[in-house]
Structures are given as C-alpha cells and as structure tokens.
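Below is one structure, written out as structure tokens; the observations come after it.
The values are calculated or read from the model by the stated rules, or taken from the named source; none is laboratory data. The structure presented is a predicted model; accordingly, all values stated were derived computationally and were not measured. Cβ coordinates were reconstructed from backbone atoms using ideal geometry, including for glycine residues, and neighbour counts include every protein chain displayed.
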Amino acid sequence: MKLEKLARGKVVILSPKTSLTGNDETFALRETLQNLAQEDNKFAIVNLEKVPYLNSTGIGVLVAGHQEYAKRGGRLLLCSLRDSVENVLVITKLTEVFEVFPNQEEALASLATA
C-alpha cells in the first residue's frame, strides 16, 4: 500500500503516493479516515503532494472524510496540492468546503491552537 500515516502529536498526517482514482490507495484512504474519526481522532491532514490526479471517487473519499470529521467536531485539512488537483477542487468549488494549505507545516500550525 502506498498510503503513509504519521502521527504528529494530536494530528494524524496521511500521505497518499499515487492518484486517487478508485484504486487500492483510494479505498485505503477512505478506510483509514473512517477508522481515525471513529477512534475519536479530531485532527487529520491529507498531504496531497504526491497525488498527481483525483477523480470523482477520490473527491468522494475526501468529502466523506471531511463530513465524518465535522460531524464529530474535528477537522480534516488538505495540503500541498499539485496544480492538477487544485484545479479539480476549484472547478468543483470544494476549495470553499475544505481548509487547504500550501504545505504541511502551515496546516500543522493552523491546528496548534485547536
């Protein structure tokens, strides 16, 4: 599996290493986000630095994760978007839904006071 998981204090950082297009990585991300939210993890960052593309399946996984975290009073942040991924999120207006940061450090800093 190409999904890296790293704990930084109270924050879990998930870093997929390939496109999120309905492949094993996409479903691993969905399962991991669901499990973390159910374990009462309040903060997650999905680092999309190595994700060259996502389609509707990948978008669905991110939206479902966002909703699961919001429902439990948590936050799911996105960071390090490639231009192709950012374009998809802009076109679908999901940049108005997600908290998006230029890099992982800024995403972590935004959670420092949470």
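Taking Ser56, is it modelled with pLDDT of 95 or more, among the hydroxyl-bearing types (Ser, Thr, Tyr) and buried (at least 20 other Cβ atoms within 10 Å of the Cβ)?
Values: modelled with pLDDT of 95 or more: yes; among the hydroxyl-bearing types (Ser, Thr, Tyr): yes; buried (at least 20 other Cβ atoms within 10 Å of the Cβ): no.
Criteria not met by Ser56.
Quick one: in the stretch 1-25, of everything that is over 20 Å from Glu106 (Cβ atoms), modelled with pLDDT under 95 and not in a loop (DSSP other than H, G, I, E, B), which residue is farthest from the chain's Cα centre (by Cα)?
Asp24
For the stretch 35-79, name all the residues that are closer than 18 Å to Glu25 by Cα, among the polar types (S, T, N, Q) and out of contact with any Gly (no Cβ under 8 Å at 6 or more places or on another chain).
The answer is Asn35, Asn47, Ser56.
How many residues does the stretch 66-97 contain that are in a loop (DSSP other than H, G, I, E, B), buried (at least 20 other Cβ atoms within 10 Å of the Cβ) and hydroxyl-bearing (Ser, Thr, Tyr)?
Residues in the stretch 66-97 being in a loop (DSSP other than H, G, I, E, B), buried (at least 20 other Cβ atoms within 10 Å of the Cβ) and hydroxyl-bearing (Ser, Thr, Tyr): 1 in total.
I'm trying to understand the selection: among the residues of the stretch 39-60, which are assigned to a helix (DSSP H, G or I), in contact (Cβ under 8 Å) with a residue 24 or more places away in the chain and either polar (S, T, N, Q) or more than 14 Å from Ser19 (Cα to Cα) (or both)?
Thr57
Given the criterion assigned to a helix (DSSP H, G or I), β-branched (Val, Ile, Thr) and either surrounded by fewer than 15 Cβ atoms within 10 Å (Cβ to Cβ) or without any contact (Cβ under 8 Å) to a residue 40 or more places away in the chain (or both), identify the matching residue among Val100, Val63.
Selected residue: Val63, the only one of Val100, Val63 that is assigned to a helix (DSSP H, G or I), β-branched (Val, Ile, Thr) and either surrounded by fewer than 15 Cβ atoms within 10 Å (Cβ to Cβ) or without any contact (Cβ under 8 Å) to a residue 40 or more places away in the chain (or both).
Can you name the residue in the stretch 27-41 that is in contact with a strand residue (DSSP E or B) (Cβ under 7 Å, 6 or more places away or on another chain) and under 25 Å from Ser110 (Cα atoms) and is also surrounded by the fewest Cβ atoms within 10 Å (Cβ to Cβ) among such residues?
Across the stretch 27-41, the extreme among qualifying residues is Asn41.
Take the residues in the stretch 1-49 that are among the basic types (Lys, Arg) and touching a Ser or Thr at 6+ places or on another chain (Cβ under 7 Å), then tell me which one is farthest from Asp83 (Cα to Cα).
Applying the filter and picking the extreme gives Lys5.
If you go through the stretch 100-109 one residue at a time, do you hit one that is of a type outside the set (Asp, Glu), modelled with pLDDT of 95 or more, more than 14 Å from the chain's Cα centre (by Cα) and farther than 21 Å from Thr26 by Cα?
Checked the stretch 100-109: at least one residue is of a type outside the set (Asp, Glu), modelled with pLDDT of 95 or more, more than 14 Å from the chain's Cα centre (by Cα) and farther than 21 Å from Thr26 by Cα.
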